[in-house]
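For reference, the structure is listed below as structure tokens.
The values are calculated or read from the model by the stated rules, or taken from the named source; none is laboratory data. Predicted, not measured: the structure shown is a model, and the values here were computed from it. Don't worry about glycine lacking a Cβ; one is built from the backbone with ideal geometry, like all the others, and counts go over all protein chains shown.
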């Protein structure tokens, strides 16, 4: 399974537990947004095979040997880094209140939270946002374009693929001159993200490709519109 944010699969797992009859309009719409399905399925199989024999076992081993408090702390550190992107995108979208929350989270977690190892801001009522340039482009009116599965990176759209370039500017890796440290940090983040999905993936049922595609597309619409979407369900 490609490396993805855990929140969308948990939320959409509940939706797909309902009857297929209720979901038929959504499925038809998703199919129209996937004109490259043949190519996408081939890349999906490649990603899934790589995940099955490499990434998932690594994540399971990491989770098995890592104490829970340490696993949570590592996850929080990467979340603290991600708040930089949340702040930038909330500013670009004109969400000044959310940008203020992001600023507070960065200040309190980086200082009192020991570089983000402890999410003290959450205990203060400052909940983490989840923004990226794909959502910003969507808010600015840019259409998502066709669904596409990227090698190693998983589900995306044309808009979200383009957004990965500016997103990367707000990540620390391009600014880390020591290559071994950069690769190790990036590897730990990938494994940490995959480990966070181990429990959620049990919600997948039926055609795995279709499940992931529909869940991704619906979740991206939900995020771009901040939950204000009209759904046939």
Looking only at region 120-157, count how many residues are over 16 Å from the mean Cα position of the chain (by Cα), without any contact (Cβ under 8 Å) to a residue 60 or more places away in the chain and closer than 30 Å to residue 41 by Cβ. 4
Among the residues of region 126-143, how many are part of a helix (DSSP H, G or I) and touching a helix residue (DSSP H, G or I) at 6+ places or on another chain (Cβ under 6 Å)? 6
Just give me the residues in region 67-89 being out of contact with any helix residue (DSSP H, G or I) (no Cβ under 8 Å at 6 or more places or on another chain) and without any contact (Cβ under 8 Å) to a residue 60 or more places away in the chain, in sequence order. 67, 68, 69, 70, 72, 73, 77, 79, 82
Hits in region 162-193 (condition: more than 21 Å from residue 84 (Cβ to Cβ) and either touching a strand residue (DSSP E or B) at 6+ places or on another chain (Cβ under 8 Å) or surrounded by 14 or more Cβ atoms within 10 Å (Cβ to Cβ) (or both)): 191
Which numbered condition in (1) over 28 Å from residue 39 (Cβ atoms); (2) out of contact with any helix residue (DSSP H, G or I) (no Cβ under 9 Å at 6 or more places or on another chain); (3) surrounded by 14 or more Cβ atoms within 10 Å (Cβ to Cβ) is the only one that residue 158 fails? (1)
For residue 160, state whether it is under 18 Å from residue 190 (Cα atoms), under 13 Å from the mean Cα position of the chain (by Cα), in contact (Cβ under 8 Å) with a residue 24 or more places away in the chain and in a helix (DSSP H, G or I). no
Does region 194-204 contain any residue that is in a helix (DSSP H, G or I) and buried (at least 20 other Cβ atoms within 10 Å of the Cβ)? yes
I'm told residue 200 meets every condition in (1) at pLDDT below 90; (2) in contact with a strand residue (DSSP E or B) (Cβ under 7 Å, 6 or more places away or on another chain) except one. Can you identify the failing condition by its number? (2)
Within region 96-119, restricting attention to residues that are buried (at least 18 other Cβ atoms within 10 Å of the Cβ) and free of Cβ contacts under 8 Å to residues at least 24 places away in the same chain, which residue is farthest from the chain's Cα centre (by Cα)? 108
